[in-house]
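Below is one structure, written out as structure tokens; the observations come after it.
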Amino acid sequence: MQKCENCKSQFSWHKIYKSLWWGYKPINCNECGMAHKITTSGRFVFVSLTILPAMIFGNFLSPFNNFFATFGIALFILLLGSLLLPFFVTFKKSL
Ligand SMILES: [Zn+2]
């Protein structure tokens, strides 16, 4: 998981997760205060773990004819994928 590029202290899962759902809000290191922004590949990871699998399920893989059932499962996939995000999304320090 992402560490501070300045002082190498570990960012918490919760801190990264929150940043992602607040529109990629920059993360400030708890130890040194250095701000970190999401990288371009980090945004790509975000989309490929959340919106993309949910859309693929909704459009191609859903066994349901019921919109709400499909939507519910798609939402579940999105949430499940998002739990993994902090392990894969990368940040870089910004001044
Ligand atoms: Zn730091």
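Where a number appears in this text, it was derived from the coordinates with a stated rule and is not lab data. Nothing here was measured: the structure is a model prediction, and the numbers come from that model. Ideal geometry is used to build each Cβ from the backbone, glycine not excepted, and the neighbour counts take in all protein chains shown.
Observations, loosely collected:
- Reported count of residues in the range 14-24, each being under 15 Å from residue 42 (Cβ atoms) and either β-branched (Val, Ile, Thr) or surrounded by fewer than 14 Cβ atoms within 10 Å (Cβ to Cβ) (or both), is 5.
- The set of residues in the range 16-30 that are in contact (Cβ under 8 Å) with a residue 12 or more places away in the chain and within 11 Å of the chain's Cα centre (by Cα) comprises 16, 17, 19, 20, 21, 24.
- Among residues of the range 31-57 that are within 15 Å of residue 17 (Cα to Cα), those with a beta-carbon under 8 Å from a residue that is assigned to a helix (DSSP H, G or I) and within 16 Å of the ligand (Cβ to nearest atom) at least six positions away or on a different chain give the pairs 38/19.
- Of the helices (runs of 4 or more DSSP H) entirely within the chain, those holding at least 1 residues that are within 15 Å of the ligand (Cβ to nearest atom) occupy 13-21.
- Taken over the range 40-55, residues that are polar (S, T, N, Q) and surrounded by 15 or more Cβ atoms within 10 Å (Cβ to Cβ) amount to 1.
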